[in-house]
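To start, the structure under review is shown below, and the notes come after it.
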Amino acid sequence: LLNSYYFLLFAVAAVFFIAVNYAANAGWATLIKRVIESVSSWLPIGILSMLAVLFFGKDHLYHWIEYMDQQLNPGDAGYDKILASKDWFLNKGWFLVGVPLIMIIWFTFRTVLVRLSHKEDEQGGLSFFKKSITYSAAFLVVFAFSFSMFSWLVMMSLDPHWFSTIYSVYNFAIAFVTGLTVICFFVLYLKSKGYMEIVSDEVIHDLGKFMFAFSIFWAYIWLAQFLLIWYANISEEGIYYTVRLTPHFKPMFRINLVMNFFLPFLILMMRNAKRHPKVLLVAGTIILAGHWLDLFLMIMPGTVGEAAEIGVLEIGMTMAFAGLFIFWVLNNLSKKNLYAKNHPYLLESANHDVGV
């Protein structure tokens with residue numbers, strides 16, 4: 001679940017990034033559009049991986065499913081008032097139909113946007129560009145609701161007695177900052193191999209600024225969620241942090257905040273740091289490892305408990321996913337022109353200047 005969800009977030013963030021650039025009429029990222037599209041190409045593999053985990057692992061991961069199957073009534077032994085009040089949403093219908101449907105909708109939008117992009121390359125003109133803006137605006141509206149439901153069902157329901165009103169925003173922050181980091185890594189790799197030489201330091205600088213900004217945004221959401229629950233001191237909410245502040249998870253809890261906020265903030269604060277490939281690689285590696293740990297802390301206490309460890313299996317599984325992901329994205333990149341040659345903002349991206 002950890003790796004399936006983590007790598008799926010990269011692809012979903014890439015689709016979101018494509019759409020938001022169209023909707024915002026932004027041109028700076030046009031030169032790296034093919035890289036973004038290739039990162040999003042992982043979506044079908046990510047969907048299949050998630051479906052396999054959810055179908056075969058649902059009874060082990062989601063304790064509420066076993067409870068709902070018992071169909072207990074008030075007064076019965078084992079009746080849970082909190083879970084019973086959530087049965088309108090936490091049920092197999094939403095879980096086994098809603099979750100796959102949401103991912104299929106994302107894949108459909110991704111397919112349409114990429115096809116329009118490729119047709120634009122082949123035929124030129126502005127018609128495909130204008131259609132892309134329309135589909136992107138529609139996707140952003142659908143994404144806001146669907147991603148919230150997806151994160152609630154797949155992640156928040158691992159701790160079914162608990163809830164957070166900004167949980168979906170927290171998951172989005174993880175998705176976007178890690179997705180941007182992965183995109184930046186692929187661009188830097190291609191440039192180091194002599195490809196994409198037209199991509200200037202200005203474009204790299206903007207990617208670095210996004211990594212910096214959304215590391216701060218993640219920290220803001222993390223702090224907002226933590227402080228509100230701590231201040232309210234409601235046991236139904238506080239149990240989430242009580243478990244994660246036990247001696248077993250507390251060191252990871254502290255390291256999580258350091259890796260995902262303090263280190264990226266300090267490393268990327270200076271202007272030149274956001275333009276220097278080696279600095280970006282260091283900061284990006286910390287961000288990716290940090291948010292893997294972030295998801296580890298979101299998943300393991302509610303599923304495995306204090307038996308959870310970061311060992312050979314956890315690291316090896318992540319490396320296997322990473323290897324397949326890198327191969328898949330680079331293979332996809334090799335099939336098309338590295339530049340969206342007929343995009344109306346191509347020259348704007350080539351001449352992009354962020355100023356002083």
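Values as computed for the structure displayed
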quantity	calculated
Scan of the stretch 81-135 for residues that are closer than 24 Å to Y62 by Cα, charged (D, E, K, R) and either modelled with pLDDT of 95 or more or surrounded by 16 or more Cβ atoms within 10 Å (Cβ to Cβ) (or both), ordered by number	K86
Condition met for N331 (of a type outside the set (D, E, K, R), open to solvent by 50 Å² or more (accessible area, probe 1.4 Å), within 16 Å of I32 (Cβ to Cβ) and without any contact (Cβ under 8 Å) to a residue 60 or more places away in the chain)	no
Residues (assigned to a helix (DSSP H, G or I), touching a residue at least 12 places away in the same chain (Cβ under 8 Å) and open to solvent by 40 Å² or more (accessible area, probe 1.4 Å)) located in the stretch 295-313	E306
Residue, farthest from V177 (Cα to Cα), within the stretch 1-40, restricted to residues that are under 14 Å from the mean Cα position of the chain (by Cα) and of a type in the set (G, A, S)	S4
Subset tally (residues that are polar (S, T, N, Q), under 23 Å from K193 (Cα atoms) and part of a helix (DSSP H, G or I)) for the stretch 314-334	2
Top-ranked residue of the stretch 253-269 - restricted to ones that are open to solvent by 30 Å² or more (accessible area, probe 1.4 Å) and in contact (Cβ under 8 Å) with a residue 40 or more places away in the chain, ranked as farthest from the chain's Cα centre (by Cα)	M269
Selected residue (criterion: farthest from D206 (Cα to Cα)) from residues of the stretch 335-356 that are open to solvent by 90 Å² or more (accessible area, probe 1.4 Å) and outside any helix (DSSP H, G or I)	K335
Of residues in the stretch 192-201 being over 20 Å from S40 (Cβ atoms) and touching a residue at least 12 places away in the same chain (Cβ under 8 Å), the one surrounded by the fewest Cβ atoms within 10 Å (Cβ to Cβ)	S192
Members of the stretch 136-166 that are surrounded by fewer than 19 Cβ atoms within 10 Å (Cβ to Cβ), farther than 16 Å from L90 by Cα and touching a helix residue (DSSP H, G or I) at 6+ places or on another chain (Cβ under 7 Å)	A137, L140, V142, I166
Filter result for F321 (closer than 26 Å to V114 by Cα, buried (at least 20 other Cβ atoms within 10 Å of the Cβ) and within 19 Å of the chain's Cα centre (by Cα))	no
Check on G316, closer than 24 Å to M211 by Cα and at pLDDT 95 or above	no
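The values are calculated or read from the model by the stated rules, or taken from the named source; none is laboratory data. Note that the structure is a prediction, hence the values are computed from the model and not measured. For neighbour counting, all protein chains shown are included, and Cβ atoms are generated from backbone atoms with ideal geometry for every residue, glycine included. All accessible areas refer to the heavy atoms of the entire protein, side chains included, with ligands and DNA or RNA removed. Shrake-Rupley method; radii C 1.70, N 1.55, O 1.52, S 1.80 Å.
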